[in-house]
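K.L.:
First the structure, then my questions, so here it is.
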Amino acid sequence: MSLAASSSPALGPFNYLLRSPCRFRMTLQSDVVSVSVASLLTKLKHDCATPLPILQQVADAMSAQMRARLALDSPTQLAMIPTYVHNLPTGNEKGLFYALDLGGTNFRVLRVQLGGKQERVIAMEFEQVSIPQHLMFGTSEELFDLISSGLAKFAEKEGDKFHLPPGRTREIGFAFSFPVKQTSMDSGILIRWTKGFAVTGAAGRDVVACLNEALKRQGLDMRVSALVNDAVGTLAGAEYWDNDVLVAVILGTGTNACYVEQINAIPKLQGQVFPSGRMVISTEWGAFSTALPLTEFDEEMDAASNNPAEQIFEKTISGMYLGEIVRRALLRMAQVGGLFGKSVPQKLSIPFTLRTPDLCAMQQDNSDDLQSVGSVLYGRTGVESNLSARKTVLEVCDTVIKRGGRLAGAGIVGILQKMEEDSEGVIFGKRTVVAIEGGLYENYPQYRAYLHDSVTELLGMEKSNNLVIQLSKDGSGMGAALLAASNSMYMHEF
């Protein structure tokens with residue numbers, strides 16, 4: 001198995017914010033049963049363990065649920081949503097196309113000038129806009145107005161490198177990375193919000209209609225010609241350059257995976273005709289939960305979330321949640337094991353104070369005194385730590401990150417297994433590429449290594465030698481623009 005990187009522009013850094021030292025209120029330990037930190041750490045490692053048999057159970061369950069949902073559309077944890085993307089970009093596409101990419105705490109706007117087979121991508125520009133936290137819990141009108149306003153400001157900066165032929169309307173590919181029941185290539189009903197969003201007034205509505213209404217309020221004359229999620233966009237963007245790409249995975253704030261399925265392997269679409277004979281399926285694997293090794297901290301975090309008992313796979317492998325799992329484990333060790341001495345900074349009790357980028361920063365500290373670990377702990381949580389405590393913190397981080405990376409790898413193998421079972425040799429008998437996008441995978445080397453290790457363990461060296469895991473930068477935004485092009489109303493002019 002090999003790792004390749006695309007040459008597309010970076011999405012932005014997976015940074016951590018190191019706050020200035022200040023004084024914090026302390027909570028004294030009292031009325032708690034003393035338990036050794038060592039025993040708590042041992043239990044955490046046991047509960048998070050992902051030996052090969054566990055990984056195989058996860059992969060097998062993933063494959064089985066994929067097949068069951070494609071057959072009867074019967075209730076399983078995986079939605080297996082047909083995306084109506086059956087024609088991936090060919091390279092013949094020409095013209096100016098825009099994309100909107102909404103999938104986490106930021107959204108991106110992008111434009112690309114395509115020149116067909118010979119010139120491919122002539123020019124590309126993009127900008128990223130942060131979404132204020134209050135809008136993640138606001139109304140759909142407020143959120144879509146922010147997005148359309150960002151698009152309008154971006155469109156005003158369109159320079160001479162970009163050219164729209166006379167008489168054409170600007171077309172948009174909308175990468176919307178939340179569970180949607182796709183009804184056509186350019187429409188889909190929002191099933192539910194994930195990734196910490198709880199926006200009112202959008203669930204059960206066509207998200208393209210929500211965007212179109214906001215564009216109209218903004219006075220923008222643009223047409224949405226493709227609705228995709230970030231995984232589908234990543235697949236299209238990567239496949240544009242490499243025809244061996246069959247699977248795409250998002251590992252960032254949230255997670256999802258999609259793949260190219262043969263129409264004859266989708267019984268629930270029986271009777272529908274698609275000339276290409278294939279369709280991209282969005283697994284919505286964040287909702288998967290079978291055979292996962294969970295801890296008390298996972299259960300506590302889930303119970304306190306805005307979607308309890310949902311998105312369990314996402315909550316164990318994606319960037320939004322890994323830091324919070326570690327924070328809860330460290331808080332317990334501090335409260336009942338005295339990890340940081342006789343008092344516990346109150347800030348350590350605040351949910352999501354410790355973020356996944358903080359774990360990444362700490363795990364890159366190779367110094368003798370682990371000074372960076374101490375700085376991150378103090379800056380983020382107010383914790384004063386000695387060397388012994390810092391070493392324990394790193395073990396907790398590694399335990400949670402190892403489980404997340406290895407489970408993500410098992411999920412990938414589950415998809416590949418299902419594809420291979422339907423057509424022997426289509427996956428393991430030739431070069432196959434899995435494109436992965438997201439800051440967690442891109443910028444967290446330990447997580448990335450654990451993912452690769454689990455894939456190799458499950459497949460064995462011979463099969464994994466044919467597998468390429470390829471980093472895709474800005475694949476979802478670029479892919480959405482490409483799918484807007486390949487489904488353009490002007491396609492006959494290419």
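The values are calculated or read from the model by the stated rules, or taken from the named source; none is laboratory data. As the structure is a prediction and not an experimental result, all values here were calculated from the model. Cβ placement follows ideal geometry from the backbone for every residue including glycine, while neighbour counts extend to all protein chains displayed.
K.L.:
Given the criterion at negative phi, among the aliphatic types (A, V, I, L, M) and in a helix (DSSP H, G or I), identify the matching residue among L143, L110. Steps first, please.
P.N.:
Details: L110 fails: in a helix (DSSP H, G or I).
The match here is L143.
K.L.:
For L394, work out the one condition from (1) surrounded by fewer than 22 Cβ atoms within 10 Å (Cβ to Cβ); (2) in contact with a strand residue (DSSP E or B) (Cβ under 9 Å, 6 or more places away or on another chain); (3) among the aliphatic types (A, V, I, L, M) it doesn't fulfil.
P.N.:
(2)
K.L.:
Moving to a separate point now. Taking A248, is it under 30 Å from D358 (Cβ atoms) and of a type outside the set (F, W, Y)?
P.N.:
Here the answer is yes, as A248 does meet what is asked.
K.L.:
Condition test on K391, is it out of contact with any Ser or Thr (no Cβ under 9 Å at 6 or more places or on another chain), among the basic types (K, R) and closer than 30 Å to V37 by Cβ?
P.N.:
yes
K.L.:
Of all the helices (runs of 4 or more DSSP H) wholly in the stretch 397-494, which have at least 3 residues that are aliphatic (A, V, I, L, M) and under 24 Å from L100 (Cα atoms)?
P.N.:
Qualifying helices (runs of 4 or more DSSP H): 475-486.
K.L.:
I'd like to check something: does the stretch 219-230 contain any residue that is part of a strand (DSSP E or B), touching a residue at least 12 places away in the same chain (Cβ under 8 Å) and over 23 Å from A155 (Cβ atoms)?
P.N.:
Scanning the stretch 219-230, I find no residue that is part of a strand (DSSP E or B), touching a residue at least 12 places away in the same chain (Cβ under 8 Å) and over 23 Å from A155 (Cβ atoms), so the answer is no.
K.L.:
Hey, could you check the stretch 269-307 for residues that are in contact with a strand residue (DSSP E or B) (Cβ under 8 Å, 6 or more places away or on another chain) and not in a loop (DSSP other than H, G, I, E, B) and say which is surrounded by the most Cβ atoms within 10 Å (Cβ to Cβ)?
P.N.:
Among residues in the stretch 269-307 that are in contact with a strand residue (DSSP E or B) (Cβ under 8 Å, 6 or more places away or on another chain) and not in a loop (DSSP other than H, G, I, E, B), the one surrounded by the most Cβ atoms within 10 Å (Cβ to Cβ) is W285.
K.L.:
Being buried (at least 17 other Cβ atoms within 10 Å of the Cβ), among the basic types (K, R) and assigned to a helix (DSSP H, G or I), is that true of even one residue in the stretch 350-358?
P.N.:
Filtering the stretch 350-358 down to residues buried (at least 17 other Cβ atoms within 10 Å of the Cβ) leaves 353-358.
Those left that are additionally among the basic types (K, R): 355.
Now narrow it down to the ones that are assigned to a helix (DSSP H, G or I): none.
No: the stretch 350-358 contains no residue that is buried (at least 17 other Cβ atoms within 10 Å of the Cβ), among the basic types (K, R) and assigned to a helix (DSSP H, G or I).
K.L.:
For the stretch 120-178, name all the residues that are buried (at least 16 other Cβ atoms within 10 Å of the Cβ), of a type in the set (S, T, Y) and within 30 Å of G91 (Cβ to Cβ).
P.N.:
S177
K.L.:
Which numbered condition trips up D160, out of (1) at pLDDT below 95; (2) touching an Asp or Glu at 6+ places or on another chain (Cβ under 9 Å)?
P.N.:
Tallying (1) at pLDDT below 95; (2) touching an Asp or Glu at 6+ places or on another chain (Cβ under 9 Å), D160 fails exactly one: (2).
K.L.:
Residue check: is A214 over 19 Å from F154 (Cβ atoms) and not in a strand (DSSP E or B)?
P.N.:
No; evaluated as a whole, the condition is false for this residue.
K.L.:
Restricting attention to the stretch 244-290, report how many residues are closer than 24 Å to L407 by Cα and in contact with a Pro (Cβ under 7 Å, 6 or more places away or on another chain).
P.N.:
2
K.L.:
A follow-up question, please. In this structure, is G425 under 19 Å from the mean Cα position of the chain (by Cα) and at positive phi?
P.N.:
Details: under 19 Å from the mean Cα position of the chain (by Cα): no; at positive phi: yes.
Here the answer is no, as G425 does not meet what is asked.
K.L.:
Take the conditions among the acidic types (D, E) and farther than 22 Å from E424 by Cα and apply them to D242. Does it pass?
P.N.:
So D242 fails the test.
K.L.:
In the stretch 160-208, what residues are in a strand (DSSP E or B) and of a type in the set (A, V, I, L, M, F, W, C)?
P.N.:
Correct list: I172, F174, A175, F176, V180, I189, L190.
K.L.:
Just to be sure I understand, how many residues within the stretch 443-474 are closer than 28 Å to G115 by Cβ and in contact with a Phe, Trp or Tyr (Cβ under 9 Å, 6 or more places away or on another chain)? Write out each step before concluding.
P.N.:
Residues of the stretch 443-474 that are closer than 28 Å to G115 by Cβ, as a first pass: 468, 470-474.
Those still in the list that are in contact with a Phe, Trp or Tyr (Cβ under 9 Å, 6 or more places away or on another chain) too: 471, 474.
Summing the residues that are closer than 28 Å to G115 by Cβ and in contact with a Phe, Trp or Tyr (Cβ under 9 Å, 6 or more places away or on another chain) in the stretch 443-474 gives 2.
K.L.:
Please work out which residue is farthest from Q311 (Cα to Cα), limiting yourself to the stretch 52-101 and to residues that are in a strand (DSSP E or B) and out of contact with any helix residue (DSSP H, G or I) (no Cβ under 8 Å at 6 or more places or on another chain).
P.N.:
L96
K.L.:
Of these, T42, T105, T76, T90, which one is modelled with pLDDT of 95 or more, hydroxyl-bearing (S, T, Y), surrounded by fewer than 23 Cβ atoms within 10 Å (Cβ to Cβ) and at negative phi?
P.N.:
So the residue among T42, T105, T76, T90 that is modelled with pLDDT of 95 or more, hydroxyl-bearing (S, T, Y), surrounded by fewer than 23 Cβ atoms within 10 Å (Cβ to Cβ) and at negative phi is T42.
K.L.:
Could you check the stretch 309-366 and list, in sequence order, the residues that are among the β-branched types (V, I, T), without any contact (Cβ under 8 Å) to a residue 40 or more places away in the chain and closer than 21 Å to L451 by Cβ?
P.N.:
Within the stretch 309-366, I312 is the sole residue that qualifies.
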